[in-house]
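J.: Next up is a structure, given as structure tokens.
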């Protein structure tokens, strides 16, 4: 599966209370007694090696260089969660790029390529051994600064919903509820209705197996299921340019708050299809640029200023919020108010119990002091991190 880079501005201030390891409670809230967890990541205390938490929930398994492409792991790292309602507590060391994977009614297959390179389960490759498996994951980083974790829908919505909570040493608790057990069905129905409304292939993002919905892919991966969105965002992009070319003559300009050293920068839209923000110039994005947030004008590079602008500008395009406010990031009431927009992201937020979750790569972009949309928990004094699989009743 493609690895998506999120905004996630991790504060690198060392906390005296930050543990070198952390208890993680894995709770089975599903309807199955065949639920398995896998924990993967980069072991920061072991020279940055790729690792799995072992099935005992304590030790680490470090994959070795295999003899050939597609070799199996030499150890079964599945952690059985037991009967519905059961909780298994494990201990993780400091890890970067961590994922906690869950599967229901079947184990996951991880493979190794020479390097070693880990081949993770993919929802995009129809020949992947996990293509028919009901699975999902949440993401985390545990380092000297903090624990940062989130539930992600950047690539897909799983039939196996996940919720997270974090208890801190000061007694406070942060929680992200996730979806209800039928959340994927609600998302699928919302996309079907949208397809009927605008004629776009939102319904093709729904993946069915054995007569039921297995998962829903994000629009970013529409090509994997022949959902062609080519030309979708271009009318909105042109409307943005036309609007600001006119408004600039009246003294009204778009502003981007970089939320970094460059501060708030004014945008000057030009008739040649470029916009200059501060000293940085950006061309018009196309649909693929907007869905993916990592190509065209949103390609990051060596300029810190440009790299601070990109997440805020990309998020405003994804959320079609540029004509709803003159300074960005803007507030959530400005999001998804126009067509075309990212209806996958809109509907995913709509069907999370608390409205929170990463629905596109820069979904953590928010105004200073604004309400987080991304479904994250983070703290420098974590005590126990709880991950619930199976959803909550609503």
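J.: Looking at residue 253, is it farther than 19 Å from residue 316 by Cβ, at pLDDT 95 or above and in contact with a strand residue (DSSP E or B) (Cβ under 8 Å, 6 or more places away or on another chain)? If you could, list the steps in order and put the result at the bottom.
T.: Working: farther than 19 Å from residue 316 by Cβ: no; at pLDDT 95 or above: yes; in contact with a strand residue (DSSP E or B) (Cβ under 8 Å, 6 or more places away or on another chain): yes.
So residue 253 does not fit the description; no.
J.: Then there is this: What are the residues in region 372-384 that are surrounded by fewer than 24 Cβ atoms within 10 Å (Cβ to Cβ) and over 16 Å from the mean Cα position of the chain (by Cα), if any?
T.: 379, 380, 381, 383, 384
J.: Same structure, new question: Among the residues of region 5-25, are any part of a loop (DSSP other than H, G, I, E, B) and modelled with pLDDT of 95 or more?
T.: No, because not a single residue in region 5-25 is part of a loop (DSSP other than H, G, I, E, B) and modelled with pLDDT of 95 or more.
J.: Among the numbered conditions (1) under 18 Å from residue 315 (Cβ atoms); (2) within 27 Å of the chain's Cα centre (by Cα), tell me where residue 275 comes up short.
T.: (2) is the only condition that residue 275 fails.
J.: Let me ask something else. Would you mind stating whether residue 128 is in a loop (DSSP other than H, G, I, E, B), out of contact with any helix residue (DSSP H, G or I) (no Cβ under 8 Å at 6 or more places or on another chain) and surrounded by fewer than 16 Cβ atoms within 10 Å (Cβ to Cβ)?
T.: So residue 128 fails the test.
J.: So, one more: Might you let me know whether region 361-371 holds any residue that is crowded, with 18+ Cβ neighbours inside 10 Å, modelled with pLDDT under 95 and more than 22 Å from residue 236 (Cα to Cα)? Give the steps one after another, and end with the answer.
T.: Of the residues in region 361-371, the ones crowded, with 18+ Cβ neighbours inside 10 Å are 361-366.
Imposing the further condition that a residue be modelled with pLDDT under 95 reduces the set to none.
No, region 361-371 has no match at all.
J.: Continuing with the same structure: Which of the residues belonging to region 265-303 are touching a helix residue (DSSP H, G or I) at 6+ places or on another chain (Cβ under 7 Å) and touching a residue at least 60 places away in the same chain (Cβ under 8 Å)?
T.: Across region 265-303, the qualifying residues are 291, 292, 293.
J.: Among the residues of region 88-105, is there at least one that is over 22 Å from residue 175 (Cα atoms) and either under 15 Å from the mean Cα position of the chain (by Cα) or not assigned by TED's automatic domain parsing to the domain that holds residue 178 (or both)?
T.: No, because not a single residue in region 88-105 is over 22 Å from residue 175 (Cα atoms) and either under 15 Å from the mean Cα position of the chain (by Cα) or not assigned by TED's automatic domain parsing to the domain that holds residue 178 (or both).
J.: Would you check if there is a residue in region 117-137 being in the same structural domain as residue 375 (by TED's automatic domain parsing), within 14 Å of the chain's Cα centre (by Cα) and touching a residue at least 60 places away in the same chain (Cβ under 8 Å)?
T.: Yes, because at least one residue in region 117-137 is in the same structural domain as residue 375 (by TED's automatic domain parsing), within 14 Å of the chain's Cα centre (by Cα) and touching a residue at least 60 places away in the same chain (Cβ under 8 Å).
J.: Being touching a strand residue (DSSP E or B) at 6+ places or on another chain (Cβ under 9 Å) and farther than 23 Å from residue 377 by Cβ is the filter here, so list the residues in region 121-158 that pass it.
T.: Those that are touching a strand residue (DSSP E or B) at 6+ places or on another chain (Cβ under 9 Å) and farther than 23 Å from residue 377 by Cβ: 121, 123, 124, 128, 129, 130, 131, 132, 133, 134.
J.: To continue, here is another question. For residue 67, are the conditions met, namely being modelled with pLDDT under 95 and over 25 Å from the mean Cα position of the chain (by Cα)?
T.: On the way: modelled with pLDDT under 95: yes; over 25 Å from the mean Cα position of the chain (by Cα): yes.
So residue 67 passes the test.
J.: Now, a different point. Please work out if residue 180 is over 12 Å from residue 387 (Cβ atoms) and touching a helix residue (DSSP H, G or I) at 6+ places or on another chain (Cβ under 8 Å).
T.: yes
The values are calculated or read from the model by the stated rules, or taken from the named source; none is laboratory data. From a predicted model like this one, the values you see are computed outputs, not experimental measurements. Neighbour counts are summed over all protein chains in view; Cβ atoms, including those assigned to glycine, are modelled from backbone coordinates with ideal geometry.
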